[in-house]
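Student: This is the structure, below, for whatever I ask next.
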Ligand code: AMP
């Protein structure tokens, strides 16, 4: 525990782990800037721009969009006044290269990351949750094949990010398989 609230945070967890839900709660309760790269990409795609069309192929296949595209996208969000009260990163960084770029960027703007919080949920439960979400939200990347690919990428590409960050940062792992309110409680305890 520390007496300083830690509000520059990165939330990790595979697709379906509930990190979006928790991030929205933190945004509302703490007034932090919620930076969700998946959401930003889906918005860009919906615009139908040239970039949006290129992104669609990655999103539909559950593949990661190139690091440079993502880093360029979040740069101004992290540097701007909206992040004065802190930020919660949701879905970024997903690769070690992104994590390195993030740490450099945050050093430049003097807003160091305070903590990384990881929501852990077993793969079989994630698959069940995502199948439910597919019926409710009609997302193009919630088909069984794409879900399997997204989970594989999380384990192969994103878990090494936690290893990397743990060299300089507190990384707290939380059991995300519990009811939403209990997970929220655990997240608040971790960051306050
Ligand atoms: P999400 O909503 O976070 O599950 O992200 C949906 C999709 O957006 C992912 O499957 C990727 O195709 C893409 N995406 C989101 N964030 C990133 C990121 N940080 N790096 C690369 N691709 C991303």
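The values are calculated or read from the model by the stated rules, or taken from the named source; none is laboratory data. It should be emphasised that the depicted structure is a prediction, and the values quoted were computed from it without experimental measurement. We place every Cβ from the backbone using ideal geometry, glycine too, and count neighbours over all the protein chains shown.
Student: Please go through region 62-82 and pick out each residue that is touching a residue at least 60 places away in the same chain (Cβ under 8 Å), on the phi < 0 side of the Ramachandran plot and surrounded by 15 or more Cβ atoms within 10 Å (Cβ to Cβ).
Tutor: Listed by number, the list holds a single entry, 64.
Student: Looking at region 149-177 only, could you name the residues that are in contact with a helix residue (DSSP H, G or I) (Cβ under 8 Å, 6 or more places away or on another chain) and more than 11 Å from the ligand (Cβ to nearest atom)?
Tutor: Once the filter is applied, which keeps residues that are in contact with a helix residue (DSSP H, G or I) (Cβ under 8 Å, 6 or more places away or on another chain) and more than 11 Å from the ligand (Cβ to nearest atom), region 149-177 yields 160, 164, 165, 168, 171, 172, 174, 175, 176, 177.
Student: From the list 109, 183, 96, exactly one residue is within 22 Å of residue 35 (Cβ to Cβ), surrounded by 19 or more Cβ atoms within 10 Å (Cβ to Cβ) and touching a helix residue (DSSP H, G or I) at 6+ places or on another chain (Cβ under 7 Å). Which is it? Full working, then the answer.
Tutor: Details: 109 fails: surrounded by 19 or more Cβ atoms within 10 Å (Cβ to Cβ); 96 fails: surrounded by 19 or more Cβ atoms within 10 Å (Cβ to Cβ).
Just one listed residue meets the conditions, 183.
Student: Please work out if residue 116 is more than 24 Å from residue 27 (Cα to Cα), within 15 Å of the ligand (Cβ to nearest atom) and at pLDDT 95 or above.
Tutor: Working: more than 24 Å from residue 27 (Cα to Cα): no; within 15 Å of the ligand (Cβ to nearest atom): yes; at pLDDT 95 or above: yes.
The answer is no for residue 116.
Student: If you don't mind, there's one more thing I want to ask. Output the number of the condition that residue 40 fails; it satisfies all remaining conditions of (1) closer than 19 Å to residue 109 by Cβ; (2) touching a strand residue (DSSP E or B) at 6+ places or on another chain (Cβ under 8 Å); (3) within 11 Å of the ligand (Cβ to nearest atom).
Tutor: Residue 40 satisfies every listed condition except (2).
Student: Out of 85, 79, I need the residue that is at pLDDT below 95, away from the ligand (no atom under 12 Å from the Cβ), within 21 Å of residue 185 (Cα to Cα) and in contact with a helix residue (DSSP H, G or I) (Cβ under 9 Å, 6 or more places away or on another chain). Which one? Please lay out each step first, then the result.
Tutor: Details: 79 fails: within 21 Å of residue 185 (Cα to Cα).
The match here is 85.
Rundown of residues vs (1) within 15 Å of the chain's Cα centre (by Cα); (2) crowded, with 18+ Cβ neighbours inside 10 Å; (3) within 10 Å of the ligand (Cβ to nearest atom); (4) assigned to a helix (DSSP H, G or I), yes/no style:
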{"site": "21", "(1), (2), (3), (4)": "yes, no, no, yes"}
{"site": "26", "(1), (2), (3), (4)": "yes, yes, no, yes"}
{"site": "29", "(1), (2), (3), (4)": "no, no, no, yes"}
{"site": "44", "(1), (2), (3), (4)": "no, yes, no, yes"}
{"site": "51", "(1), (2), (3), (4)": "no, no, no, yes"}
{"site": "58", "(1), (2), (3), (4)": "no, no, yes, yes"}
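Student: Just need a number here: residues in region 60-93 that are closer than 14 Å to residue 33 by Cα and assigned to a helix (DSSP H, G or I).
Tutor: Residues that pass the stated criteria total 9.
Student: Checking residue 16 against (1) within 14 Å of the ligand (Cβ to nearest atom); (2) touching a strand residue (DSSP E or B) at 6+ places or on another chain (Cβ under 8 Å), which single condition isn't satisfied?
Tutor: (2)
Student: Give me the helices (runs of 4 or more DSSP H) completely within region 103-192, filtered to those with at least 2 residues that are more than 20 Å from residue 23 (Cβ to Cβ), ordered by residue number.
Tutor: Numbers: elements: 123-137, 144-153, 159-165, 180-191.
Ranges flagged: 123-137, 144-153, 159-165.
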